[in-house]
1. Tally up the residues in region 218-247 that are more than 18 Å from residue 19 (Cα to Cα) and not in a helix (DSSP H, G or I), please.
2. Just checking: which of the helices (runs of 4 or more DSSP H) contained wholly in region 1-94 hold 1 or more residues that are at pLDDT 90 or above, exposed (fewer than 15 other Cβ atoms within 10 Å of the Cβ) and touching a strand residue (DSSP E or B) at 6+ places or on another chain (Cβ under 8 Å)?
3. Taking the conditions exactly as written (small (Gly, Ala, Ser), in a helix (DSSP H, G or I) and modelled with pLDDT of 95 or more), does residue 304 satisfy them or not?
4. Here is a list: 263, 271. Which entry is among the basic types (Lys, Arg) and in contact with a helix residue (DSSP H, G or I) (Cβ under 6 Å, 6 or more places away or on another chain)?
5. Cβ-Cβ under 6 Å, sequence separation 6+ or interchain: first residue in region 250-270 and within 23 Å of residue 229 (Cα to Cα), partner small (Gly, Ala, Ser). Which pairs?
6. Give region 99-139 a look and list any residue that's within 19 Å of residue 68 (Cβ to Cβ), in contact with a Leu (Cβ under 8 Å, 6 or more places away or on another chain) and surrounded by fewer than 19 Cβ atoms within 10 Å (Cβ to Cβ), or say none.
Amino acid sequence: MNSRNQSLDVLRGVAILLVMCDHFPLIPLMKAGWIGVDLFFVLSGFLISSLLFQEFKSTGEIRIGRFILRRGFKIWPAFYCYLSLALFLTRWASPSISLRGFAASSLFLMSYFPHLGPLYLGPMWSLSVEEHFYICLPLLLLLLLALSKGKANHFASLPALFAALTIACLVGRLIAPISSGIIANRASHLRVDALFCGVLLGYLYHFRPFWFQRLRSSWLLIGAAVLIAPACILLEESFFIRTIGLTMTLAGFGILVAWAVQRQPSGYLARALAWIGFYSYSIYLWHRLISVLVGLFLAQHLSGFVLYMITSIIIGVGMAKAIEMPVLRLRERLIPSGEKALKPPDSSNPFYNDHCLGIATAR
């Protein structure tokens, strides 16, 4: 964990705890926990774009095949392990249940079919959004490189593209039929704006450090709180939240991520959150199934909530150590990150932080 950005791990820890609270019926006041997914989206956009930008700065190219394979080693083994066990339990408990949700999940299509399958496949929609993003972002950056030959800043159009994409996503959510509100809340092409908010941060961090510095003002945290507040008060299904509210939330989290990038957390609580954040992907995978199982017996008891939270973390950490970490070590042998071959960082850039470019954990 020492090679990682601890502050961003703290935010991951906060995000996964929010999502976990949202998925246990005893805590109605924590229904705003769904915003943890949007925080994950902004973090993923920043970290993944930073990996690609740093590769370009160091090698002059973006190797999309290599990038997809490294992402695959990170995401797929743990994902398909969870999906396989969930399928086995489902077939054992309810042999007649439809398998369409499992088919959609296995193809990363749950962002368009979130109503399919049992509850414990629900979180698969956000992984689908991110998987689509992993394909689209490097393709977009390669296109920008091809269109900007001879220019000093190959990615100068990214801020304008982000603004256009944000408006397009907002308009798409506004015109989506009321009856399909849950689809508007989940569809990849209507939620990718949060991920590209992180991409904008990555661009500013690597190529416009002066503007990134301005985003790190502590005073802007007040604005971030105002932007995020409606999502903490109103229902996720409300028209305002699933349209303008999502745009406000991603902007607020963008400010929060920029503020946190180069701050060093301290204290036992921050260390605990960073530890949870380190294992957040596996915890995210397994927590919904555990909430369903615990909810069968202790849905209306505080002890059930505590048991669910502790069990989710323990199983998530255990599965990360059993599957995710060994696969990542194998990845480094087969497809090394190439960090040793990278040129030294530009010491004139006061915002370069190689700790931010460790293993990016989208979940």
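The values are calculated or read from the model by the stated rules, or taken from the named source; none is laboratory data. No experiment lies behind these values; they were computed from the predicted model shown. So basically every Cβ, Gly included, is an ideal-geometry build from the backbone, and we count neighbours across all protein chains shown.
1. First pass over region 218-247, keeping only residues more than 18 Å from residue 19 (Cα to Cα): 218-227, 238-240, 243-244, 247.
In the following step, the residues that additionally are not in a helix (DSSP H, G or I) were identified as 218-219, 238-240.
Residues meeting the conditions: 5.
2. Details: elements: 6-22, 35-59, 64-93.
Answer list for region 1-94: none.
3. Working: small (Gly, Ala, Ser): yes; in a helix (DSSP H, G or I): yes; modelled with pLDDT of 95 or more: no.
Spelling it out, it is not the case that residue 304 is small (Gly, Ala, Ser), in a helix (DSSP H, G or I) and modelled with pLDDT of 95 or more.
4. Numbers: 271 fails: in contact with a helix residue (DSSP H, G or I) (Cβ under 6 Å, 6 or more places away or on another chain).
Sole residue among the options that is among the basic types (Lys, Arg) and in contact with a helix residue (DSSP H, G or I) (Cβ under 6 Å, 6 or more places away or on another chain): 263.
5. Qualifying pairs under 6 Å: 250/194; 252/224; 255/224; 256/224; 260/7.
6. Of everything in region 99-139, just one residue is within 19 Å of residue 68 (Cβ to Cβ), in contact with a Leu (Cβ under 8 Å, 6 or more places away or on another chain) and surrounded by fewer than 19 Cβ atoms within 10 Å (Cβ to Cβ), namely 106.
For (1) outside any helix (DSSP H, G or I); (2) at pLDDT 95 or above; (3) out of contact with any Phe, Trp or Tyr (no Cβ under 6 Å at 6 or more places or on another chain), each residue gets a yes or a no:
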{"position": "250", "(1), (2), (3)": "no, yes, yes"}
{"position": "270", "(1), (2), (3)": "no, no, yes"}
{"position": "282", "(1), (2), (3)": "no, yes, yes"}
{"position": "291", "(1), (2), (3)": "no, no, no"}
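Condition check ((1) under 30 Å from residue 327 (Cα atoms); (2) crowded, with 19+ Cβ neighbours inside 10 Å; (3) of a type in the set (Gly, Ala, Ser)) across all residues:
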| position | (1), (2), (3) |
| --- | --- |
| 213 | no, no, no |
| 233 | no, no, no |
| 242 | no, yes, no |
| 246 | no, yes, no |
| 267 | no, no, yes |
| 277 | yes, yes, yes |
